[in-house]
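Chemist: Sharing a structure with you now.
Only the coordinates and a few stated rules stand behind these numbers; no lab work does. Please read these numbers as outputs of a predicted model, since none were measured by experiment. Quick reminder, even Gly has a Cβ in these numbers, built from the backbone with ideal geometry, and neighbours come from all protein chains shown.
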Amino acid sequence: MKKVFLFAVSTAMFMVGMAQNDVQNAAPQAVKPKAANEKDNPRNPANYFTVDKSIAATSVKDQAMTGTCWCFSTTSLVESQCLKNNWGEYDLSEMYSVRNIYIEKAKNYILRQGHAQFGEGGLGHDLIRAIATYGAVPESVYSGLKAGQTQHNHVKLSANLKKYVDSVMAIHPLPENWLTGYTNILDTTLGTPPEKFTYNGKSYTPQTFAEEALHFNANDYVNITSFTHHGYYQPFILEVPDNFSNGAYYNVPLADMIQLTKDALNKGYSVLWDADVSNDGFQQRLGAAVNLGAASDVMVSKMNVLTGDVKEAKSDAATRQALFENLTTQDDHLMHITGIEKAKNGNTYFLVKNSWGDVGPAHGYINVSESYFAINTISLVVPKAALSKALLEKLKLK
């Protein structure tokens, strides 16, 4: 989340110089779309990875100049659940949920008298809560873009919202109608959301659309993490800045977190992934992420990163915990895991759908090594149905 703005600027410059056959929009439900003439492209990840399991996913989106990866990634998870359950292929509005969470953040910020995180960031459970509370709408009904706009940009919006809540907090007692002025800023920038709409010939409210079309149930999802400073198989409030709403995550051993992710994918369920992407091992433009560790201080060839032919650093629970506590590992970015692949050296990789648009040889996807996942994961949101009976019992979940 912290890196999105710099990435968006540098990506725009990078894309200008890309070869034409490297630029193609991802197709709906595609795992890793490739143009017909890419077979012999040395940057094509298909030359170096074989697919073990792939989960249907909707097209790659672009969060652009916003810090709303938490919404894009978790919305993609919900869309994949609809595909898996044969409920339909949906392009859901991220900005409808973003708008609603902006309201939640303002209320929280006011009640905590300004001593709370206020910004664009969030976590996966915020999207789950947003749909459960406010419902959902299709992108065609509410895009969050003004006429003529093609990309999201919340730089001014975020600043204006923060300025507003700080100004009303200076008034004592707080004006009863303070929220009206706040929502006016949102409506002016993103548009006024519909109370009712028609989709595929049927009339819905956002709430009935979530219930009837998406069959959405917040209890179908479980928040997972793995750290040693709390007891295992118990929930705790994850101590990261963007957890403004104090969401609780079930804490499991590192081996369990890795295995439940593999199990979920092998059962046909995708997974929401919150991770640190600030290190040298995360290379979206190369289409791969590897755990370089101390090796990041030395030269590693781009081709080695691309092919997965890299000697990776240690990825145990103690190393992971130390990097979290010394603030090296932070919750930078959320993405959507949609598959498992194998590198030619036999190492396991997760196929991850990003929300930075059509970037890199995998057209917005990135191959993430198991070691990178082990060290850099902050949290997961997993469909409860994907968890084993034994793990559900340990977590005391039904």
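Chemist: K396: which aspartates and glutamates have alpha carbons under 16 Å from its alpha carbon, excluding same-chain residues fewer than 8 sequence positions away?
Modeler: Result set, ordered by chain and number: D220, D256.
Chemist: Okay, moving on. Full extension from S140 to T208: what is 0.36 nm times the residue separation minus their Cα-Cα distance, to one decimal in nm?
Modeler: Contour length minus the Cα-Cα distance gives 22.8 nm.
Chemist: Packing-wise, with mean Cβ within 10 Å as the measure, how do 251-257, 324-330, 287-293 rank, highest first?
Modeler: Top of the packing list down: 287-293, 251-257, 324-330.
Chemist: How far apart, in nanometres, would the label points at S167 and T50 be if each is projected 7 angstrom from Cα along the Cα-to-Cβ direction?
Modeler: With each label point 7 Å from Cα toward Cβ, the separation is 6.3 nm.
Chemist: If the reach is capped at under 16 angstrom between alpha carbons, list the aspartates and glutamates near K156, excluding any in the same chain fewer than eight residues apart.
Modeler: E120, D166, D187
Chemist: Per 10 Å bin, what percent of the C-alpha pairs of the chain does each bin hold, from zero upward?
Modeler: Taking all Cα pairs of the chain, the binned fractions are 5, 23, 33, 26, 11, 2, 0 percent.
Chemist: Determine the relative contact order of the chain: mean sequence separation of Cα pairs under 8 Å and six or more apart, normalised by residue count, in whole percent.
Modeler: Dividing the mean separation by the residue count of the chain yields 24 percent.
Chemist: Of T189, T348, T307, which has the largest mean-square fluctuation in a 10 Å C-alpha GNM of the chain?
Modeler: Judging by the Gaussian network model, the answer is T189.
Chemist: Assuming a ≥ b ≥ c are the square roots of the Cα gyration tensor eigenvalues, decide whether the range 92-137 counts as rounded (a/c under 1.5), prolate (otherwise, with a/b larger than b/c) or oblate.
Modeler: The shape class here is prolate.
Chemist: If each DSSP helix of 4+ residues adds -39,500 (n - 2.57) and the sum is divided by the residues in the chain, what number results at 222 nm, nearest 500 deg cm²/dmol?
Modeler: -10000 deg cm²/dmol
Chemist: On to the next question. Name the shape class, rounded, prolate or oblate, that the alpha-carbon gyration tensor gives for the range 262-326, where a ≥ b ≥ c are the square roots of its eigenvalues, rounded holds for a/c under 1.5, and otherwise prolate holds if a/b is larger than b/c and oblate otherwise.
Modeler: Values: a/c = 1.98, a/b = 1.21, b/c = 1.63.
Note, shape of the range 262-326 comes out oblate.
Chemist: Could I ask something else about it? Using Cβ counts within 10 Å as a stand-in for footprinting exposure, how do D309, D280 rank, fewest first? The partial results should precede the final answer.
Modeler: Numbers: D309 16, D280 13.
With the sparsest Cβ surroundings first, the list reads D280, D309.
Chemist: Can you list the residues of the range 145-159 with backbone N under 19 Å from a point 7 Å past the Cα of D187, pointing along Cα to Cβ?
Modeler: Those under the cut-off are 145-147, 157-158.
Chemist: Which lysines have a Cα lying under 22 Å from the Cα of K342, excluding residues fewer than 8 positions away in the same chain?
Modeler: The qualifying lysines are K32, K34, K39, K53, K262, K267, K302, K311, K314, K353.
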